[in-house]
Amino acid sequence: MSTPLSARPLPQPTAETAAYWAAAHEHRLVIQRCAGCGTCQFYPRAFCISCLSDRLDWINASGHGRIYTWTVCRIAPSPAFESRLPYVVALIDLDEGVRLVANILDADLARVAIGARVSVCFESVSESCTLPQFTLLD
């Protein structure tokens, strides 16, 4: 069965990312922390990026951080994103010290700035998929 051109592409969980997506579906933002050395990391991996241990735990992140950098998408990469234009894609430095990519939702483009504080929110895109996104804090 083929996917219609207008359907939004969805993440495909792997063994390493399944717990992340399950938590997001419950409106929780989680990251990995090494039980051996305490390093926090994102994106999910099967081993610690610091000491190579495979003893990784999932911890709840605060959901707060700062914009490291950002861009405004004004041209849709596929027809599925045309109704979202323009939208902000940002690199977010979480307070826990990891960086992730997400959209900044419902933002006045004039207020989006490097260093701006953000908070996680969750966008349900299907019955089985919820995306961690961010909003600007006042």
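Counting only protein heavy atoms and a probe of 1.4 Å, the accessible surface of the chain is 53% carbon and sulfur.
Over segment 62-138, calculate the relative contact order: mean separation of alpha carbon pairs under 8 Å at least 6 apart, over the residue count, as a percent. That works out to 31 percent. Classify segment 72-138 as rounded, prolate or oblate, taking a ≥ b ≥ c as the square roots of the eigenvalues of its Cα gyration tensor: rounded when a/c is under 1.5, otherwise prolate if a/b is larger than b/c and oblate if not. Here segment 72-138 falls in the oblate category. For the pair ASP108 and PHE81 in one chain, pulling the backbone fully straight at 0.36 nm per residue adds 7.9 nm over the alpha carbon distance.
Where only protein heavy atoms count, and the probe is 1.4 Å, what is the accessible area per residue for segment 1-112 in Å²?
Roughly 60 Å² per residue, with all protein chains present.
Pairs of Cα atoms nearer than 8 Å and 6+ residues apart set the relative contact order; for the chain it is 22 percent.
Computed about the Cα centre, the dipole magnitude for the chain is approximately 260 debye when only Lys and Arg (+1) and Asp and Glu (-1) carry charge, each at its Cβ.
May I ask for the Rg/Rh ratio of the chain, computed from Cα atoms with Rh as the Kirkwood radius, given to two decimals? Don't skip to the end; give the middle numbers.
Numbers: Rg = 16.0 Å, Rh = 16.1 Å.
Over the Cα atoms of the chain, Rg/Rh equals 0.99.
To the nearest 0.05, how large is the calculated FRET efficiency for ALA35 and VAL101 if R₀ is 30 Å and r is the Cβ-Cβ distance? Efficiency computed from Cβ-Cβ geometry: 0.70.
For segment 1-64, give the magnitude of the charge dipole about the Cα centre (Cβ charges: +1 Lys/Arg, -1 Asp/Glu; no others), in debye to the nearest 20. Provide the component values of the computation, followed by the final result.
Working: 5 positive and 4 negative charges, 20 e Å.
Magnitude of the dipole: close to 100 debye.
Of all trypsin sites (Lys or Arg not before Pro) in segment 54-138, which ones are in loop regions per DSSP and have a Cβ with at most 10 other Cβ atoms within 10 Å? Walk me through the intermediate numbers first.
Values: sites: ARG55, ARG66, ARG74, ARG84, ARG99, ARG111, ARG117; in loops: ARG55, ARG74.
Filter output for segment 54-138: ARG74.
Modelled spin-label separation between VAL89 and ARG55, with each label point placed 7 Å from Cα along the Cα-to-Cβ direction: 3.8 nm.
The values are calculated or read from the model by the stated rules, or taken from the named source; none is laboratory data. Quick caveat, the model's predicted, so the values are computed rather than measured. In this analysis, Cβ positions are derived from the backbone assuming ideal geometry, glycine residues included, and neighbour counts consider all displayed protein chains. To get the accessible areas, we keep the full protein, side chains included, count just its heavy atoms, and leave off ligands, DNA and RNA. Shrake-Rupley method; radii C 1.70, N 1.55, O 1.52, S 1.80 Å.
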